[in-house]
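Notes for the one structure printed next.
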Amino acid sequence: MQKKDYDARLEAMTDTPSWLLRLVKPDVYHIQLSFNKITATLYKKEGIQQTHDTLADFSNPRLIIADFELSVKVMTDLFRKFNKRNRFVNYIFVDVLEELAGGLTKIEQKAIIEMIMTGAMKAKMQISPPIIAYQGDIVYQGGSRNMM
């Protein structure tokens, strides 16, 4: 991700004033969910990028609902692989890449939010509510209360 892309994604993810974002520059995690694989990429303000992925034996394409406890464990392990010394709130963008019949349901969106929040809590990370995209289209904006 280019510096310009980092800035644009960060500003789109939060209601925080832009002057504060320029000062603090929190970390941005981009998490990609696909059948039996979760990939997390951390983008730091210095332009550093780290990627970790994991393969898990999810029972079906509706991975989050089918194996919620396994998905929380996988997310916790992924978050722990990154440097934990950030005192600031981290921003998370989740992209569901798997094509699902009927799209991503509201129950699955809620399960993804719970998976991310629980995994981050167990990894002792401070995060804002995630933004969720299904095949590139944003379906849930973390700062708002309503799911789209």
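The values are calculated or read from the model by the stated rules, or taken from the named source; none is laboratory data. Since we're looking at a predicted model, the values are computed, not measured. Neighbour counts run over all protein chains shown; Cβ positions are idealised from the backbone, glycine included.
Observations, loosely collected:
- Per this entry, K81 is not counted among residues that are farther than 15 Å from Y29 by Cα and either surrounded by 15 or more Cβ atoms within 10 Å (Cβ to Cβ) or at pLDDT 75 or above (or both).
- Among the residues of region 56-75, not a single one is among the hydrophobic types (A, V, I, L, M, F, W, C), in contact with a His (Cβ under 9 Å, 6 or more places away or on another chain), modelled with pLDDT under 85 and outside any helix (DSSP H, G or I).
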